[in-house]
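The values are calculated or read from the model by the stated rules, or taken from the named source; none is laboratory data. The shown structure was predicted, so the numbers you read here are calculated from the model rather than taken from an experiment. A quick note on method: Cβ atoms are made from the backbone with ideal geometry, for glycine too, and the neighbour counts reach across all protein chains shown. Note: accessible area is taken over every heavy atom of the protein model, side chains too, but ligands, DNA and RNA are not part of it. Shrake-Rupley method; radii C 1.70, N 1.55, O 1.52, S 1.80 Å.
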Amino acid sequence: MTDETQTYRGCIFNLDGVLVDTAKYHYEAWRQLANSLDFDISREQNEQLKGLGRMASLETILSWGGIYLSEAEKMHWADVKNNWYIGLISNMKPGEVLPGVLYFLRQVREKGMKIALSSSSQNARAVLKSTGLEPYFDVIADGNTIKRQKPDPQCFLLPAEAMGLPPAECLVFEDAPSGITAALLGGFTAIGVGRKENLKQASVVIAGFENLRIDSLLAQHSERVFI
Ligand code: GL1
């Protein structure tokens with residue numbers, strides 16, 4: 001049960017690189033695509049793809065390689081990359097959930113808060129299933145339902161609405177700078193997951209979920225009083 005003084009009643013989590021280490025598989029598959037077109041992409045460039053959906057990622061990568069493709073060719077390469085990615089995630093196990101995530105999700109549940117996923121990936125459900133995370137979520141918004149690219153706040157407004165909560169009562173956990181901007185534009189409190197220098201706009205930045213207490217996060221944001 002949430003108590004009456006509790007400001008936040010829901011948490012919205014990004015997936016790739018926040019709850020599971022799938023970001024490395026996306027990078028591997030995108031890199032394989034770039035290599036097939038005779039160029040390479042670096043880890044630094046890959047950082048800039050964070051938060052972008054499939055076609056927007058492809059467009060960005062092609063522009064780095066100076067490659068011009070027809071719409072039909074782009075669809076073809078997006079499918080090729082997706083098949084590689086699906087191959088890479090097909091053997092994912094619960095052990096690939098990032099440290100501390102399960103314990104944190106349980107704490108959120110015990111607080112009586114709702115839990116939603118917000119991911120630009122169309123493969124989000126498959127990842128949740130193979131890692132055993134799916135039962136923790138009340139709401140799943142993914143690349144099949146979210147149509148606008150971050151920093152548009154649609155990616156968080158949709159799951160908040162589906163949880164029946166206003167943005168002011170939700171904490172968003174996000175690793176992409178464009179996702180932090182999206183959360184703030186939508187009126188959410190943004191918790192950055194990763195390195196402070198990349199996530200300057202976030203209210204708080206955490207390195208990950210290991211040893212993280214929901215109570216201490218709620219205490220840090222208790223200035224917003226729920227009426
Ligand atoms: C898409 C992109 C990935 C990544 C995710 C969001 O996933 O292809 O590189 O940016 O969105 O985390 P997918 O192809 O699975 O829809």
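Testing Thr189 on (1) over 17 Å from Leu117 (Cβ atoms); (2) open to solvent by less than 20 Å² (accessible area, probe 1.4 Å); (3) touching a Gly at 6+ places or on another chain (Cβ under 8 Å), one condition comes back false. Which one is that?
(3)
Checking Leu165 against (1) more than 14 Å from the ligand (Cβ to nearest atom); (2) under 15 Å from the mean Cα position of the chain (by Cα), which single condition isn't satisfied?
(2)
Cβ contacts < 7 Å: first residue of a type in the set (Phe, Trp, Tyr), restricted to segment 169-192; second residue assigned to a helix (DSSP H, G or I), any location; separation 6+ or different chain. Result?
Final answer for the pair search is Phe188/Phe156; Phe188/Pro167.
Could you list, in sequence order, all residues of segment 206-227 that are at pLDDT 95 or above and either open to solvent by less than 30 Å² (accessible area, probe 1.4 Å) or in contact with a helix residue (DSSP H, G or I) (Cβ under 6 Å, 6 or more places away or on another chain) (or both)?
If the condition is that a residue be at pLDDT 95 or above and either open to solvent by less than 30 Å² (accessible area, probe 1.4 Å) or in contact with a helix residue (DSSP H, G or I) (Cβ under 6 Å, 6 or more places away or on another chain) (or both), then Ile206, Gly208, Phe209, Leu212, Ile214 are the ones that fit.
Quick one: Leu128 ticks every box in (1) part of a loop (DSSP other than H, G, I, E, B); (2) under 13 Å from the mean Cα position of the chain (by Cα) except a single one, so which number is it?
(1)
Here's the yes/no breakdown for (1) near the ligand (Cβ under 9 Å from one of its atoms); (2) touching a Leu at 6+ places or on another chain (Cβ under 9 Å); (3) part of a loop (DSSP other than H, G, I, E, B); (4) more than 21 Å from Val139 (Cβ to Cβ):
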position	(1), (2), (3), (4)
Ile12	no, yes, no, no
Trp30	yes, yes, no, yes
Phe39	no, no, yes, yes
Ala56	yes, yes, no, yes
Thr60	no, yes, no, yes
Trp64	no, no, no, yes
Gln107	no, yes, no, no
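Confirm whether Leu165 is part of a loop (DSSP other than H, G, I, E, B) and either modelled with pLDDT under 95 or closer than 19 Å to Leu218 by Cα (or both).
Yes; evaluated as a whole, the condition is true for this residue.
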